[in-house]
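Colleague: Sharing a structure here in structure tokens format.
Values quoted throughout were computed directly from the atomic coordinates according to the rules given, and no laboratory measurement underlies them. Just so it is clear, the model here is predicted, and its values are computed rather than measured. Using ideal geometry, Cβ is built from the backbone for each residue, glycine included, and neighbour counts are taken over all protein chains shown.
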Amino acid sequence: MSESKKPWNQSMPDEQFNLMRDIIAAPSPVGLEAAMTYGVLKPYFEKIAKDGWKVQQFKGSAGIVLDTHPGRDDMFSVMIIGHADKIRMQVRSIGEDGKIWINTDSFLPTTLIGHEVKLFSEDPEKPGSYRVIEGGTVEALGAIHFADAGLRSGDKGIKKEQIYLELQIHGENKKEQVEKLGIRSGDSIILNRPIKRGFSPDTFYGAYLDNGLGCFVTAETARLVAEAGGTDNIRLLFAIASYEEIGRFGSRVMVGEMKPDAIIAVDVNHDYVAAPGIGDKRFTPLEMGKGFTMSVGSIASERLNRFIETAALENDIPLQRDVCGRDTGTDGMAGVLASVDAAATSIGFPTRNMHTISEVGNTSDVLASIHVITLALQAMDAADDGKGSLRAEFENNHPRLDEAVSLGHQGGDKKED
């Protein structure tokens, strides 16, 4: 493949970037994911789908699956999973002074202060109908003038119980003013920061790369597969899951229902090289802009990784190996958690400042993941004869370390260019 035809070495086109922004911007807090799945991704799936493909829906959550061969349980099937749910804050209680005290969920309290948010409130008189309130900010202390010396110096931190939403309420009956809006305990609050292109080349920043980014990659992989004519011998399940942030519950339901033979989770990863204060912990040196990441470890399928790594090597797509140990930390664990026999791995892209309003990613890593997954799926389709050969290959080709060849010392000479 010529250099000019390697999208992962090019800047992401505006049209594709805008789709990525729209997917990530969809308000989809945990348990309320339909804005992303039904509002953005389902129409996109229906637009790109080939004849005969079908969008599967579920009763207990707003997750969806684009199925290339509905009903063909005899085919070798691969599920590619991104998760639509975002971590959220929730209203805890309303104070007499009009402060809306909130739970911070999976955010560090100190990263929230001063940032604009959206509050989504269900109409108390019309259950199922939601309203949105904008213009509020997250606060904890007010002015620096009221903070004690330890907080001013940074010696003391902010507790999650101190976090509240400031809606600029004033005048008489402040609590009643808030209550008249229909705001109630449990209402969802999310950060209001759509992604933008960054200062450095091919970067972007904003809130909720975790994991609208994985959903974007899943959707774009589906598009490339469709544009190439689909698959003949394997069934692809492009899944957008829910509930990942609270235990990966949505993907395990999908896997339990559809029982794929292989699972490729797509989720954000960490730029450990840039992460402050962890150098002495000696994490795998994953770095933004150096390519997609592939999980290796106890739970990751060596055979499935072989298809992905081969596609990367043959097409000069930059790859970084991510040590996952006994848990990928992603929906790649869905097969294990659902007790389904599936080969699994996880593909990602290093990001910075995860679970903040200023997460950072690199479009080249994202494009690399889209194309390597597409190429790996096409290689798997070519490797299957339509009669169960690929399933047999996975069953019969687990690595045999007792057959490992001896490796001797290679000497002290430098590796040749």
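Colleague: Give the peptides 285-297, 90-102 in descending order of average Cβ contacts within 10 Å, highest first.
Modeller: Values: 285-297: 21.0, 90-102: 17.6.
Descending mean neighbour count gives 285-297, 90-102.
Colleague: Related question: For a quick check: with amide H placed at 1.01 Å from N, whose amide H comes under 5 Å from Glu33's, ignoring anything fewer than 5 positions away on the same chain?
Modeller: Placed amide hydrogens put Ala62 under 5 Å from Glu33.
Colleague: Expressed in nm to one decimal, what extension gain is obtained for the pair Glu302 and Lys126 from 0.36 nm per residue of sequence separation less their Cα-Cα distance? Please list the in-between numbers first.
Modeller: Working: separation 176, 0.36 × 176 = 63.36 nm, distance 5.17 nm.
Gain on stretching Glu302 to Lys126: 58.2 nm.
Colleague: So, one more: Across segment 7-18, in residue order, what do the Karplus-derived ³J(HN,Hα) couplings come to in whole Hz, using 6.51 cos²θ - 1.76 cosθ + 1.60 with θ = phi - 60° and x for Gly and Pro?
Modeller: x, 5, 9, 10, 6, 5, x, 4, 4, 6, 4, 5
Colleague: For the peptides 250-259, 137-146, 376-385, what is the packing order when you average, over each peptide's residues, the other Cβ atoms within 10 Å and list the highest mean first?
Modeller: Details: 250-259: 21.7, 137-146: 13.0, 376-385: 18.3.
Sorting 250-259, 137-146, 376-385 by mean packing, highest first, produces 250-259, 376-385, 137-146.
Colleague: Provide, as a two-decimal number, the C-alpha radius of gyration of segment 321-385 over 2.2 N^0.38 Å, N being how many residues it has. Don't skip to the end; give the middle numbers.
Modeller: Working: Rg = 14.8 Å, N = 65, 2.2 N^0.38 = 10.7 Å.
The value comes to 1.38.
Colleague: Go ahead and run the numbers for FRET between Val273 and Asn18, Cβ-Cβ distance against an R0 of 22 Å, rounding to 0.05.
Modeller: Details: r = 29 Å, r/R0 = 1.34.
Efficiency at R0 = 22 Å is approximately 0.15.
Colleague: Okay, next question. Taking the DSSP beta bridges in the chain as the whole, what percent of them are antiparallel, to the nearest 5? Write out the running numbers ahead of the final one.
Modeller: Working: 39 of 67 bridges.
Of all bridge pairs located within the chain, approximately 60 percent are antiparallel.
Colleague: Once you sort the root eigenvalues of the Cα gyration tensor of segment 258-417 as a ≥ b ≥ c, which label holds: rounded (a/c under 1.5), prolate (a/b larger than b/c) or oblate (the other case)? Before the final figure, lay out each step's value.
Modeller: Working: a/c = 1.62, a/b = 1.22, b/c = 1.33.
In terms of gyration-tensor shape, oblate.
Colleague: By its C-alpha gyration tensor, with a ≥ b ≥ c as the square roots of the eigenvalues, how is segment 63-162 shaped: rounded for a/c under 1.5, else prolate for a/b larger than b/c, else oblate?
Modeller: Details: a/c = 4.24, a/b = 1.95, b/c = 2.17.
The shape class here is oblate.
Colleague: Could I ask something else about it? To the nearest 500 deg cm²/dmol, what mean residue ellipticity at 222 nm is calculated for the chain from DSSP H runs of n ≥ 4 alone, each contributing -39,500 (n - 2.57), summed and divided by the residues?
Modeller: -7500 deg cm²/dmol
Colleague: Identify which of Phe307, Phe349, Phe199 has the largest mean-square fluctuation in a Gaussian network model of the chain, with springs joining Cα atoms closer than 10 Å.
Modeller: Phe199
Colleague: Is the shape of segment 359-417 rounded, prolate or oblate, going by the alpha carbon gyration tensor and its root eigenvalues a ≥ b ≥ c, with a/c under 1.5 for rounded and a/b larger than b/c for prolate? Each step should come with its number before you reach the end.
Modeller: Numbers: a/c = 2.75, a/b = 1.09, b/c = 2.51.
It comes out oblate by the Cα gyration axes.
Colleague: Another one. Which links in Lys59/Lys281; Lys86/Lys259; Lys86/Lys281; Lys126/Lys175; Lys156/Lys180; Lys50/Lys126 stretch past 32 Å when you go from one Cα to the other?
Modeller: Lys59/Lys281; Lys156/Lys180; Lys50/Lys126
Colleague: Please list, short to long, the whole-number percent of alpha-carbon pairs of segment 136-199 in consecutive 5 angstrom bins beginning at zero.
Modeller: Using 5 Å bins, I get a P(r) of 3, 11, 17, 19, 15, 15, 13, 5, 1, 0 for segment 136-199.
Colleague: For segment 290-352, take the alpha-carbon Rg, divide it by the Kirkwood Rh, and send me Rg/Rh.
Modeller: Values: Rg = 11.8 Å, Rh = 12.1 Å.
My calculation puts Rg/Rh at 0.98.
Colleague: Scan [x] 267; [y] 179; [z] 138 for the value of volume of the Cα convex hull per residue in Å³ calculated from this model and give just the label.
Modeller: The value computed from this structure is option [y].
Colleague: Using Cα springs under 10 Å in a Gaussian network model of the chain, which residue among Ala147, Ala334, Ala228 shows the largest mean-square fluctuation?
Modeller: Looking only at Ala147, Ala334, Ala228, the largest GNM fluctuation is found for Ala147.
Colleague: Which of these, Leu191, Leu401, Leu167, has the largest mean-square fluctuation under a Gaussian network model of the chain (Cα springs below 10 Å)?
Modeller: For the chain, modelled as a Gaussian network with Cα springs under 10 Å, the answer is Leu401.
Colleague: How far apart, in nm, are the 7 Å Cα→Cβ label points at Asp97 and Arg400?
Modeller: So the two model labels end up 7.3 nm from each other.
Colleague: Scan around Gly98 for amide H atoms under 5 Å from its own, H built in the peptide plane at 1.01 Å from N, and keep only partners 5 or more places away or cross-chain.
Modeller: Those qualifying (amide H under 5 Å, at least 5 residues apart or on another chain) are Lys175.
Colleague: With +1 assigned to the C-beta of every Lys and Arg and -1 to the C-beta of every Asp and Glu, and no other charges, what is the dipole magnitude of segment 1-144 about the Cα centre in debye, to the nearest 20?
Modeller: Values: 16 positive and 20 negative charges, 64 e Å.
Computed charge dipole of segment 1-144: roughly 300 debye.
Colleague: Let me ask something else. Under the Karplus relation 6.51 cos²θ - 1.76 cosθ + 1.60, θ = phi - 60°, what is the ordered set of whole-Hz ³J(HN,Hα) values for segment 357-367, x standing for Gly and Pro?
Modeller: Along segment 357-367, the couplings run 7, 10, 5, 10, x, 10, 5, 5, 5, 5, 5 Hz.
Colleague: For Ser77, what residues show an amide H to amide H distance below 5 Å, using hydrogens built from the backbone and excluding near sequence neighbours?
Modeller: Excluding prolines and chain starts, which carry no amide H, the hits are Arg235, Asp261, Ala262.
Colleague: Let me ask something else about it. Step through the residues of segment 44-49 one at a time and calculate ³J(HN,Hα) from phi using the Karplus curve (6.51 cos²θ - 1.76 cosθ + 1.60, θ = phi - 60°), rounding each to whole Hz and writing x for Gly and Pro.
Modeller: Listing the rounded values in order: 5, 4, 5, 5, 8, 5 Hz.
Colleague: Based on the alpha-carbon set only, what is the convex hull volume of segment 129-246 divided per residue, in Å³?
Modeller: On the way: hull volume 27.5 nm³, N = 118.
Residue-normalised Cα hull volume stands at 233 Å³.
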